[in-house]
Every structure is written in structure tokens, then in C-alpha cells.
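Okay, structure first, notes after.
Here, each number is a calculation from the coordinates, and none is a lab measurement. Please read these numbers as outputs of a predicted model, since none were measured by experiment. Please note: Cβ atoms are built from the backbone with ideal geometry, for glycine as well, and neighbour counts cover all protein chains shown.
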Amino acid sequence: MTTERALKPGAVIGILGGGQLGRMLALAAARLGLKCHIYCPDPASPAFDVAAARTIAAYDDEAALAAFAAAVDVVTYEFENVPGATAEFLAGRRPVRPGPLALSVAQDRLAEKTFLAEAGIEVAPFRAVDSDDDLDRALAEFGGAGVLKTRRFGYDGKGQVVIRGPEDRAGALAKIGHAPAIVEGLVGFEREVSVIAARGLDGEVAVFDIAENDHRDNILKTTRVPARISIKTAEAARAIGENVAAALDYVGVLAVELFVVVGEDGERLLANEIAPRVHNSGHWTEDACHASQFEQHIRAIAGWPLGATVRYLDVEMENLIGADADDWPRILAEPAAKLHLYGKAETRPGRKMGHVNRLKTKSRGA
Ligand code: AMP
């Protein structure tokens, strides 16, 4: 249902962050007749190339933020580390979607795990770590192994130490700079999957098919859909996406990363992380689904009805990281490959330069 609060075509969406996610959001918005104004401190932001307007300024520049707010109809973001004060400042002037609860939960691993557990979603055992004693006590409870993670600003395995035994324990806190942290039990998972859910302004929720993710050097390398999980597990994963979106009173697209653990009584899911934004493991939706995750996010924050999440084909998304993207001529020549390049001027090892969606005939699957 389109609500009274719905934007009209021609309205301007303000996006904090100018990376590839902002770029793909702006492309989806343009197709629907909406304009995007990108706010990012980096003058070389890939999203600037495809947006109607840009602001190059720091996230704490109140004059620039005020001018940005005055120029847009709604504000969203493409990264979860938007400073709380920035979101608050903008929220006093324009609707910020998703709202502050999602940001505060996703920015702090302790708040995130606590939120998930309170929502009745299973997570690995976890404890807050502010001292050597805290870490020793938790590791003793977890059988001597665990994953130490900074509470804030961790991504792609950064700010993390895997502790398999006493030899890893020794320098663990120093490795994360003695920052406030949590330690989790080390999960022996079979695979990693993610659920991408969209929630509209009226509370309608639409969930995509569950995706299976493989990492290389802690960075997502491939996502395949359908995931190799049972239909029952896929349904449980979808329910987690729906629950998280509803519990956060969320507007927009979010991702929940999940571990699939196989035990005697079959598959079990443990939630690892919430991303309050469009997500790399949802890029396959651009070419395999009726509405992509980017279109869903734009529809949701514009107060428009969500699109269908129906998937037409099986698909494997491969991230083009660093020099992988130099292969673009070969990928272009593949008949079933859809190439996406982010227009980044400089190739660096570990940098996401683009992705390719390889489409296949649809199989039966979860
Ligand atoms: P994260 O930054 O929390 O997404 O973690 C990065 C990666 O580390 C995950 O994708 C997993 O492969 C691995 N990992 C994170 N937490 C755990 C855990 N508790 N047990 C085992 N592996 C983990």
C-alpha cells in the first residue's frame, strides 16, 4: 500500500556513504524516477558518478549536514558506522530510515548479540570482555576456545582474534588494542548463509531466498542461491529475517548473517551479525529476482509498496576483488554472466572492484 507519507517520483533521497552500495542504490532509485544526493567525505566516491547531487564533507560538519538535510526528502545510509550524532542531527530535520535503533544495535557487537538473544534467536554463547580476567573466565566456560571481537568497528575479520588454545590467548587482547570487546564460543559451522529482508513503512515484510556465502581471506568471495540447506532450515532463516526486521521496527533492507551447524538432530541456525543496510550477499538479486535488494530498499524508504522477491534463476555471485576485476573482458564474453563494475579509479588488493552474477537454469532447492 502506498501511504500518505510516500515520496513522489522526482523526490530526492539522501544517502550517507558513497561506496558501491550507495552507487547501486542510486542506480535503482534513478530507474524509479527518484534522485539521489550522496554525502561522503571521499572526493573519489564511486556513487558520485551516478547521482544527481553530491556533498563532499565530514560526517560531523553540521553546516554541510544542515544543507544536505534541506536538499533531500528522506535520509538513508549505506554503511553501519554512521556516527550516532550525525544520524541524530539529520533525524531532527528529515526522516532517517532505517531509524536509530538499528544503527545502535548493529554498531556494537554486545548490543547486537544481546538484542538477538532477547528476540529469541539463537546465537553463539558470548560474554563482554573488558579485562584479562573477563577473557579467561569466558574461555574457561567455552572449553578454552573462542573468537575475540572488538565491540565496534570490526568488519571482514578485522578487530578479531580466533583463540583455539593457550598459544593464541597470550597476545589476543593486545592484537585488538585492548578495545572493549566480546568473546564468543568458537562455532563449528558447516556453512554460512544470509537472509536479506525488506520492511516497508507500513510494516510489510518481504524476504529473499536464502544465500550461501564463501569467504576468502575473510572477505566474501562467492554467494550462491539456492543455499545447500534443507527447506525447513531455509524457512527458519527467513523467519529470523522477518523477526529481526519487526523487532527493530525497521524500514529498508537488512541482512542477517547466520551459521548453519549440523548436529545429530539436523541443521541448526546461529545468528552472527546484522547489517542495517543492503548487503554484499544480496547482489545476486540484481539479476536473478523481480526486484533487487537495492530497489526494495528504495521502495521501503520512499514509503512505496515492496516489490516481489521471486527468484527466476539459480545464481552464483562472485566478488571481483583487487586484480580479479582485470578479467573483465573474459567475463563479458561469458554468455550467462552479468558484469557489474564499480568505477573505482584505483585497484588495491582486498578492494571490492565489482562483481559478476552467473545465472543458471532454476533447480529445485531451498
Ligand atoms: P564477523 O565479523 O562476525 O562477520 O566474522 C567474520 C567471520 O569470522 C565469519 O564470517 C566467520 O567465518 C568467522 N566467525 C565469526 N564468529 C565466529 C564464531 N563465533 N565461531 C566461528 N567462526 C566465527
> What's the extension gain from Arg364 to Arg5 if we count 0.36 nm per residue and subtract their Cα-Cα distance?
Replying inline: 125.2 nm
> Based on Cβ point charges of +1 for Lys and Arg and -1 for Asp and Glu, what charge dipole magnitude is obtained for segment 191-360 about its Cα centre, in debye rounded to the nearest 20?
Replying inline: 300 debye
> In segment 158-307, with Lys and Arg counted as +1 and Asp and Glu as -1 at Cβ, which of these residues, Ser194, Ala275, Pro305, has the Cα nearest the positive end of the dipole, that is, farthest along it?
Replying inline: Ala275
> So for the chain, taking the charge dipole from beta-carbon charges (+1 Lys/Arg, -1 Asp/Glu), which of Ala172, Phe89, Ala70 sits furthest toward the positive end?
Replying inline: Ala70
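Report the FRET efficiency, 1/(1 + (r/R0)^6), for His290 and Arg164, where r is their Cβ-Cβ distance and R0 is 45 Å, rounded to 0.05.
Working: r = 44 Å, r/R0 = 0.99.
So, using R0 = 45 Å, E works out to roughly 0.50.
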>> So for the chain, averaging the separation of alpha carbon pairs under 8 Å that are six or more residues apart and normalising by length, what relative contact order in percent results?
In response: 15 percent
> If you keep only loop residues by DSSP, which GluC sites (Glu not before Pro) in segment 1-78 have at most 15 other Cβ atoms within 10 Å of their Cβ?
Replying inline: Glu4
> Between Lys221 and Glu264, how many nm apart are label points set 7 Å from Cα along the C-beta direction?
Replying inline: 3.5 nm
> Pulled fully out, how much extra length does the chain show between Glu334 and Ala145, if you take 0.36 nm times their separation in residues and subtract their Cα-Cα distance?
Replying inline: 63.6 nm
>> Only sites in a loop by DSSP and with at most 16 other Cβ atoms within 10 Å count here; which trypsin sites (Lys or Arg not before Pro) in segment 98-163 make the cut?
In response: Arg152, Lys158
>> Counting only helical runs of four or more DSSP H residues, what would the 222 nm mean residue ellipticity of the chain come to if each run contributes -39,500 (n - 2.57) and the total is spread over all its residues?
In response: -7500 deg cm²/dmol
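Helix check for the chain. Which DSSP H runs span at least 20 Å along their own axis by Cα, with a mean Kyte-Doolittle hydropathy no less than 1.0?
Working: long enough: 231-247 (24 Å, 0.34).
Passing helices, by number: none.
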> What nm distance separates the two modelled labels at Asp133 and Ala63, each placed 7 Å from Cα along Cα→Cβ?
Replying inline: 5.0 nm
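Treating only the Cβ atoms of Lys and Arg (+1) and Asp and Glu (-1) as charged, compute the dipole magnitude of the chain about its Cα centre; round to the nearest 20 debye.
On the way: 42 positive and 51 negative charges, 211 e Å.
For this selection, approximately 1020 debye.
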>> Report the gain in length on full extension from Leu341 to Ala239: 0.36 nm times residue separation, minus Cα-Cα distance, nm rounded to one decimal.
In response: 33.4 nm
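Before anything else, pin down the relative contact order of segment 12-96: Cα pairs under 8 Å, at least 6 apart, normalised by residue count, whole percent.
Values: 161 pairs, mean separation 28.2, N = 85.
It rounds to 33 percent for segment 12-96.
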>> For a quick check of your reading of the filter: which chymotrypsin sites (Phe, Trp or Tyr not before Pro) in segment 112-197 sit in a DSSP loop and have no more than 16 other Cβ atoms within 10 Å?
In response: Phe153, Tyr155
> So if R0 is 30 Å, what FRET efficiency would Thr114 and Lys175 give, r being the distance between their Cβ atoms, rounded to the nearest 0.05?
Replying inline: 0.80
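Roughly what % of DSSP beta bridges within the chain run antiparallel, to the nearest 5? Could the numbers behind the result be given before it?
Values: 59 of 72 bridges.
Within the chain, antiparallel bridges account for around 80 percent of the total.
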>> How high is the relative contact order of segment 191-319? Use alpha-carbon pairs under 8 Å, at least six apart in sequence, and give a whole percent.
In response: 31 percent
>> With +1 on the Cβ of every Lys and Arg and -1 on the Cβ of every Asp and Glu, and nothing else charged, how large is the dipole of segment 68-147 about its Cα centre, in debye rounded to the nearest 20?
In response: 460 debye
> What shape does segment 164-223 take by its C-alpha gyration tensor, where a ≥ b ≥ c are the square roots of the eigenvalues and a/c under 1.5 counts as rounded, a/b above b/c as prolate, and the rest as oblate?
Replying inline: prolate
>> I want to check a number: in segment 191-360, how many lysine pairs have alpha carbons closer than 27 Å, given a sequence separation of 8 or more or different chains?
In response: 10
